Amino acid sequence: MDYVYYLSNASLVLRVVERLHRLAQLPLEFVSVIHRIDGWIVRIRLHESVSADVASNFRAFLDEVGGRSTPGYRIRMALWGLETGQSAVDVMRRYQVAVVSHGKPDRYEIEEFRKQFVEGLGYCPETLA
């Protein structure tokens with residue numbers, strides 16, 4: 001099962017990552033996190049063995065914090081590249097996107113990206129709040 005969502009800021013992305021860590025019954029395959037200038041794209045892939053109730057509850061949580069997304073060609077290709085095992089650096093170069101995390105959800109990677117981005121800009125844009 002695939003979930004692709006648009007989230008407006010980093011705090012919401014971190015909430016999703018925290019939820020994934022707390023829900024041991026979610027058979028997680030991988031999570032991809034891409035930052036865009038207007039928000040975040042998060043793709044969550046679960047193994048097909050997830051029960052309908054667990055999937056429904058998780059989808060309701062995602063609907064609460066973000067919106068389902070149908071990303072454009074470049075983001076779709078970047079997500080596909082990550083799924084097929086291409087390195088995040090290669091994907092970023094090829095598709096000109098900021099891959100923040102891929103694989104096991106990692107709060108540290110997201111927080112570090114946010115910290116470095118804000119330091120580089122000298123202010124905190126709304127998407128990094």
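Please treat every number below as a calculation from the coordinates, not as lab data. As the structure is a prediction and not an experimental result, all values here were calculated from the model. Cβ sites come from the backbone with ideal geometry, for glycine too, and all protein chains shown count toward neighbours.
At-a-glance table
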{"quantity": "Candidates Phe30, Phe113, Phe61: whichever shows maximal mean-square fluctuation once the chain is modelled as a Gaussian network with Cα springs under 10 Å", "calculated": "Phe61"}
{"quantity": "Helix 73-83 axis, angle to the chain major axis (alpha carbon atoms, nearest 10°)", "calculated": "60"}
{"quantity": "Assigned charges on the beta-carbon of Lys, Arg, Asp, Glu; the chain dipole about Cα centre (debye)", "calculated": "200"}
{"quantity": "Residue exposure sequence - His21, His47, His102, His35 - by fewest surrounding Cβ within 10 Å", "calculated": "His47, His21, His35, His102"}
{"quantity": "For the chain, with +1 on Lys and Arg beta carbons and -1 on Asp and Glu, the positive-most of Ile110, Ser32, Val91 along the dipole", "calculated": "Val91"}
{"quantity": "Using alpha-carbon coordinates, inclination of helix 107-121 to the longest axis of the chain, degrees", "calculated": "20"}
{"quantity": "Inter-centroid distance (Cα atoms) of region 84-129 relative to region 16-37, Å", "calculated": "15"}
{"quantity": "CD proxy at 222 nm, helix term only [per DSSP H run n ≥ 4: -39500 (n - 2.57); per residue of the chain; nearest 500]", "calculated": "-14500 deg cm²/dmol"}
{"quantity": "Taking all pairs of distinct alpha-carbon atoms in the chain, Kirkwood radius in angstrom", "calculated": "14.9"}
{"quantity": "Degrees separating the helix 10-22 axis from the principal Cα axis of the chain, which is the longest one", "calculated": "30"}
